[in-house]
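> Let me give you the structure first, and then I'll get to my questions.
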Amino acid sequence: MAKILIVEDSETDETLLLSFIDPGHSCLTVDSGRGAIALIEKAVQEREHFDLALIDIMLPDIEGLVVLEILRKLEKEADGVSPAKVVLVSGISDPQIINRAKGIGVDGYIKKPIDREILEQELKTLGIVAD
């Protein structure tokens with residue numbers, strides 16, 4: 001069972017993501033960048049890392065790429081914390097943003113609208129679900 005963080009401000013997209021993820025996984029959802037950072041900080045402090053984070057780029061308070069930067073920084077600073085796999089989920093397909101995300105350490109990218117088969121393939125590729 002994977003521990004998954006979903007950072008998505010659209011209730012519709014959050015519900016869709018949750019419906020596509022096997023209920024055997026433990027999912028925490030948050031609708032803002034600040035909320036995500038608080039959960040990530042707590043998880044790192046308690047050594048309860050996330051296996052996967054699905055992060056929207058366009059959040060109401062902090063850009064998803066900033067959340068990704070902070071996640072990677074906290075993981076580096078904490079001894080013994082395994083880095084989470086991170087997949088950006090967004091309607092934005094700007095190559096500059098995607099390249100910036102790759103430089104920060106993103107593991108995957110899914111373009112909205114969210115397609116179940118694409119999400120499942122990404123999770124298989126990252127080793128979150130078995131083939």
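The values are calculated or read from the model by the stated rules, or taken from the named source; none is laboratory data. Just so it is clear, the model here is predicted, and its values are computed rather than measured. A quick note on method: Cβ atoms are made from the backbone with ideal geometry, for glycine too, and the neighbour counts reach across all protein chains shown.
> If I go through the stretch 36-62 residue by residue, how many of them are within 11 Å of the chain's Cα centre (by Cα) and either at positive phi or not hydrophobic (A, V, I, L, M, F, W, C) (or both)?
2
> Mind checking which residues of the stretch 1-20 are without any contact (Cβ under 8 Å) to a residue 60 or more places away in the chain, outside any strand (DSSP E or B) and under 18 Å from I110 (Cα atoms)?
D9, S10, E11, T12, E14, T15, L18, S19
> Does L119 satisfy being of a type outside the set (V, I, T), in contact with a strand residue (DSSP E or B) (Cβ under 8 Å, 6 or more places away or on another chain) and surrounded by 14 or more Cβ atoms within 10 Å (Cβ to Cβ)? Talk me through it step by step, then tell me what you get.
On the way: of a type outside the set (V, I, T): yes; in contact with a strand residue (DSSP E or B) (Cβ under 8 Å, 6 or more places away or on another chain): yes; surrounded by 14 or more Cβ atoms within 10 Å (Cβ to Cβ): yes.
Here the answer is yes, as L119 does meet what is asked.
> Sticking with this one: Kindly check whether there is at least one residue in the stretch 66-80 that is out of contact with any helix residue (DSSP H, G or I) (no Cβ under 6 Å at 6 or more places or on another chain) and closer than 24 Å to E11 by Cβ.
yes
> Looking at the stretch 40-50, can you tell me whether even one residue there is among the aliphatic types (A, V, I, L, M) and at pLDDT below 95?
The answer is yes; a qualifying residue exists.
> If we keep just the residues of the stretch 63-113 that are β-branched (V, I, T) and more than 14 Å from the chain's Cα centre (by Cα), which is nearest to I4 (Cα to Cα)?
If we filter the stretch 63-113 for residues that are β-branched (V, I, T), which is where we start, we get 66-67, 70, 81, 86-87, 89, 92, 97-98, 104, 106, 110.
This time we only want the ones that are more than 14 Å from the chain's Cα centre (by Cα), so: 81, 92, 97-98.
Details: V81: 15, I92: 22, I97: 23, I98: 22 Å.
My answer is V81.
> Okay, next question. Considering only the stretch 23-33, state which residues are touching a Leu at 6+ places or on another chain (Cβ under 9 Å) and either charged (D, E, K, R) or over 19 Å from L74 (Cα atoms) (or both).
Once the filter is applied, which keeps residues that are touching a Leu at 6+ places or on another chain (Cβ under 9 Å) and either charged (D, E, K, R) or over 19 Å from L74 (Cα atoms) (or both), the stretch 23-33 yields H25, C27, T29, D31.
> For the stretch 55-82, give me the residue count where each residue is in contact with an Asp or Glu (Cβ under 7 Å, 6 or more places away or on another chain) and surrounded by 16 or more Cβ atoms within 10 Å (Cβ to Cβ).
Filtering the stretch 55-82 down to residues in contact with an Asp or Glu (Cβ under 7 Å, 6 or more places away or on another chain) leaves 56-57, 59-60, 64, 74, 81.
Still in the running and surrounded by 16 or more Cβ atoms within 10 Å (Cβ to Cβ): 56-57, 59, 64, 74, 81.
Of the residues in that region, 6 qualify.
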